[in-house]
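One structure below.
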Amino acid sequence: MVPNAQSQPKTSHAIARVCFTGRLASMSRRRAAALVREAGGKVTTTVSRRTSMLVVGMNGWPVLEDGTISRKLQRAETLIGQGAPIRIVSETVFRETIGVASATPATPKQYSFEQVCGTLDLPPASVRRWEMLGLIRSDDGQYDFQDILSLRAIAELTARGVPTTRIAASVRGLASVLPDT
């Protein structure tokens, strides 16, 4: 269970050395870095044994053009496997950890299957297949904004010729380190 902002002091070890991967959705990287510094931490550009937190931006996926997860995530997972105490967290958990209220309150999934396919100009059969493969999850045929971003990323990857099996493996890897996404 992730501690909430009230139970974790601003100068905790969790934010001692923070690295970011992916694009942040709720703020600029510069603003996020300023918040880390204000909380007494340091921002790094690479993941090392000294990294205390790797923040995964929620604007798109931390997936490379070939469909594999970002090098920073790969490095963090390797170091964690070797015993490094790195926390991999979503942008939302990062905001809570540094005491910044969520930029957008949780909203129910409000976009229908037809709206999503039309908005993204995706064939319905592709969206159904991606859902069957576990690349995306609707809630009784309804999707939210994060789902739309994910579907756009999947469409871009498949358009580049990335096999859905590789995308699925990356999604499973992301879900294992970021279960709240």
Quick one: in the range 1-23, of everything that is surrounded by 17 or more Cβ atoms within 10 Å (Cβ to Cβ) and within 18 Å of Arg71 (Cβ to Cβ), which residue is modelled with the lowest pLDDT? Gly22
Those residues of the range 112-127 which are aliphatic (A, V, I, L, M) and within 13 Å of Arg152 (Cβ to Cβ) amount to Val116, Leu120, Leu122, Val127
Which of the numbered conditions does Gln82 fail, given that it passes all the others? Conditions: (1) under 13 Å from the mean Cα position of the chain (by Cα); (2) at pLDDT 90 or above. (1)
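Against the condition of a type in the set (Ser, Thr, Tyr), buried (at least 19 other Cβ atoms within 10 Å of the Cβ) and under 11 Å from the mean Cα position of the chain (by Cα), how does Ser52 come out, does it pass?
Values: of a type in the set (Ser, Thr, Tyr): yes; buried (at least 19 other Cβ atoms within 10 Å of the Cβ): yes; under 11 Å from the mean Cα position of the chain (by Cα): no.
Here the answer is no, as Ser52 does not meet what is asked.
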Could you please give the count of residues in the range 68-81 that are in a helix (DSSP H, G or I), among the aliphatic types (A, V, I, L, M) and within 26 Å of Ile136 (Cβ to Cβ)? 2
Please go through the range 41-67 and give me each residue that is assigned to a loop (DSSP other than H, G, I, E, B), closer than 20 Å to Val162 by Cα and not acidic (Asp, Glu), ordered by number. Gly60, Trp61, Pro62, Leu64, Gly67
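The values are calculated or read from the model by the stated rules, or taken from the named source; none is laboratory data. Please read all numbers here as calculations on a predicted model, not as lab measurements. With ideal geometry, Cβ positions are generated from the backbone for all residues, glycine too; neighbour counts draw on all protein chains shown.
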